[in-house]
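Q: Take a look at this one; I'll ask things after.
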Amino acid sequence: MLEPTRIYVKSVLAAHRGTGAIKALAHITGGGFVDNIPRVLPANLGARIDLSAVPVPKVFGWLARVGGLDQAEMVRTFNCGIGMVAVVAPDEAERVRAAFAEAGETAVRLGTILPAAGEPRVTFTGALGL
């Protein structure tokens, strides 16, 4: 069930050097999406994440079932299979995704950066495939 932490240095550097389009990176660790994404954004911005875009590994469905955890707790506590979030302009998203793919990573478009009007700064649409 446990795996070593994935190291993203080589793929992030390749995508950054290849595109120059990455504005921020959030390593999704303890605290999940809710705590980690706001750390890389100015206070007036937040994120809307489409949970149906998250390719959830089966272990997270098992954790949710066995632990009796609802979706809100899953995205607050775990990365649900998303180890790193790159913030890029919408018109650069495909180019950055392709650069990550060329560096051996599977990247998906997760959501949108929006003005934040207080808390919560990360909101969700869709549902995790648990």
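Q: Working only within the stretch 1-39, note down all residues that are β-branched (Val, Ile, Thr) and either in a loop (DSSP other than H, G, I, E, B) or buried (at least 16 other Cβ atoms within 10 Å of the Cβ) (or both). Don't jump to the end; show me each part of the working.
A: At the first step, the residues of the stretch 1-39 found to be β-branched (Val, Ile, Thr) are 5, 7, 9, 12, 19, 22, 28-29, 34, 37.
The answer is 5, 7, 12, 19, 22, 28, 29, 34, 37.
Q: Next question. Looking at (1) of a type outside the set (A, V, I, L, M, F, W, C); (2) open to solvent by 60 Å² or more (accessible area, probe 1.4 Å); (3) free of Cβ contacts under 8 Å to residues at least 24 places away in the same chain, which is the only condition residue 95 fails?
A: (3)
Q: May I pose another question? Of all residues in the stretch 115-129, which are touching a helix residue (DSSP H, G or I) at 6+ places or on another chain (Cβ under 6 Å), assigned to a strand (DSSP E or B) and not aromatic (Phe, Trp, Tyr)? Steps first, please.
A: Just the residues of the stretch 115-129 that are touching a helix residue (DSSP H, G or I) at 6+ places or on another chain (Cβ under 6 Å), to begin with: 121-122, 124, 126-128.
Keeping just the survivors that are assigned to a strand (DSSP E or B) gives 122, 124.
Selection gives 122 alone.
Q: Filter the stretch 98-113 down to the residues that are open to solvent by 60 Å² or more (accessible area, probe 1.4 Å) and more than 21 Å from residue 56 (Cα to Cα) and list them by number.
A: Selection gives 102, 113.
Q: Give me a count of the residues in the stretch 40-56 that are part of a loop (DSSP other than H, G, I, E, B), open to solvent by less than 50 Å² (accessible area, probe 1.4 Å) and either without any contact (Cβ under 8 Å) to a residue 40 or more places away in the chain or farther than 14 Å from residue 117 by Cβ (or both).
A: Of the residues in the stretch 40-56, 2 are part of a loop (DSSP other than H, G, I, E, B), open to solvent by less than 50 Å² (accessible area, probe 1.4 Å) and either without any contact (Cβ under 8 Å) to a residue 40 or more places away in the chain or farther than 14 Å from residue 117 by Cβ (or both).
Q: Pairs please, first residue from the stretch 1-22 and β-branched (Val, Ile, Thr), second anywhere and part of a helix (DSSP H, G or I) and surrounded by 10 or more Cβ atoms within 10 Å (Cβ to Cβ), Cβ atoms under 6 Å, 6+ apart in sequence or on different chains.
A: So the pair list comes out as 19/95; 19/96; 19/99; 22/16.
Q: Follow-up. Tell me, please, whether a residue that is of a type in the set (A, V, I, L, M, F, W, C) and at pLDDT 95 or above can be found in the stretch 16-23.
A: First, the residues of the stretch 16-23 that are of a type in the set (A, V, I, L, M, F, W, C): 21-22.
Cutting the leftovers down to at pLDDT 95 or above gives us 21-22.
Yes, the stretch 16-23 contains a residue that is of a type in the set (A, V, I, L, M, F, W, C) and at pLDDT 95 or above.
The values are calculated or read from the model by the stated rules, or taken from the named source; none is laboratory data. Everything numeric here is computed off the predicted structure, so don't read it as measured data. All Cβ positions, glycine included, derive from the backbone under ideal geometry; neighbour counts span all protein chains shown. Note: accessible area is taken over every heavy atom of the protein model, side chains too, but ligands, DNA and RNA are not part of it. Shrake-Rupley method; radii C 1.70, N 1.55, O 1.52, S 1.80 Å.
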